[in-house]
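Heads up: the structure comes next, in structure tokens.
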Amino acid sequence: MIPVIEFKEVSKTFPKKDGGRQTVLDRVSFSIPPGKTTVIAGGSGQGKSVTLKLVLGLMRADGGRIFVKGEDVTSIDGRALEQLRMRFGVLFQGSALFDSLTVYENVALPNSTAMRTNIRPS
Ligand SMILES: Nc1ncnc2c1ncn2[C@@H]1O[C@H](COP(=O)(O)OP(=O)(O)OP(=O)(O)O)[C@@H](O)[C@H]1O
Ligand SMILES: [Mg+2]
């Protein structure tokens, strides 16, 4: 069965203000299977949000490969990146919910018929 998301030896390092470097992901590999709810848990600052941003192409990995349903999305851009993002519903952790909608409706919003009709890659 093809994983929904797969990381192979993915690394991400940030420069620090003091001139040093902070490695947040060090050759991380994992697979997210289809049809199951998967949780990534960890202490604050351990790289959960960075992991999600790498999947969505909001950040680029320094090394390794990222696959979505078997497609290598590690360095896609332009229309392919827009189409990748349209396959995801994302709620970021700060003030991100429409309080008139349920949590499910918030997550499902990008996939609603109205959004698909009105927002398309040009
Ligand atoms: N754009 C960035 N520039 C520099 N450092 C960053 C950047 N984004 C994240 N970091 C650093 O990477 C580390 C991991 O951050 P991340 O936001 O992924 O943590 P997290 O696991 O989501 O934490 P939390 O549970 O608090 O949300 C942190 O030390 C953070 O300061
Ligand atoms: Mg986070």
J(HN,Hα) series, the range 17-33, from Karplus relation 6.51 cos²θ - 1.76 cosθ + 1.60, nearest Hz, glycine and proline x: 4, 7, x, x, 9, 10, 8, 8, 10, 10, 6, 8, 10, 6, 10, 9, x
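Could the peptides 96-103, 23-30 be put in order, highest first, of the mean number of other beta-carbon atoms found within 10 Å of their residues?
Values: 96-103: 9.5, 23-30: 14.5.
Going from most to least packed, we get 23-30, 96-103.
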Residues whose placed amide H lies under 5 Å from that of Met59, excluding near-sequence neighbours: Leu54
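Take the cross-link list Lys12/Lys69; Lys8/Lys69; Lys17/Lys53; Lys36/Lys69; Lys12/Lys48; Lys8/Lys53 and give me the ones stretching past 18 Å between alpha-carbons.
Values: Lys12/Lys69 22 Å; Lys8/Lys69 14 Å; Lys17/Lys53 21 Å; Lys36/Lys69 14 Å; Lys12/Lys48 12 Å; Lys8/Lys53 16 Å.
Too far apart for the 18 Å limit: Lys12/Lys69; Lys17/Lys53.
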J(HN,Hα) series, the range 68-82, from Karplus relation 6.51 cos²θ - 1.76 cosθ + 1.60, nearest Hz, glycine and proline x: 10, 6, x, 8, 6, 10, 4, 9, 6, 8, x, 4, 4, 5, 4
Placed amide H near Thr74: partners under 5 Å, 5+ positions off or other chain: Ile66
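Quick check on the chain: helices-only [θ] at 222 nm, where DSSP H runs of length 4 and up contribute -39,500 (n - 2.57) each and the sum goes over total residues. Nearest 500, please. Kindly include the intermediate steps, with their values, before the conclusion.
Details: 4 runs with 28 residues, N = 122.
Rounded to the nearest 500, it is -5500 deg cm²/dmol.
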Gyration tensor verdict on the range 8-122 (Cα atoms; rounded if a/c is under 1.5, prolate if a/b is larger than b/c, oblate otherwise): prolate
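Taking the Cβ of each residue in Ile66, Ile40, Ile32, Ile5 as the centre, tally the other Cβ atoms inside 10 Å and list the residues starting with the fewest.
Working: Ile66 22, Ile40 12, Ile32 15, Ile5 19.
Starting with the residue having the fewest Cβ neighbours, the order is Ile40, Ile32, Ile5, Ile66.
Values in this text are rule-based calculations from the coordinates and carry no lab data. These numbers come from a predicted model, not from an experiment. Every residue, glycine as well, gets a Cβ built from its backbone with ideal geometry; the counts of neighbours run over all protein chains shown.
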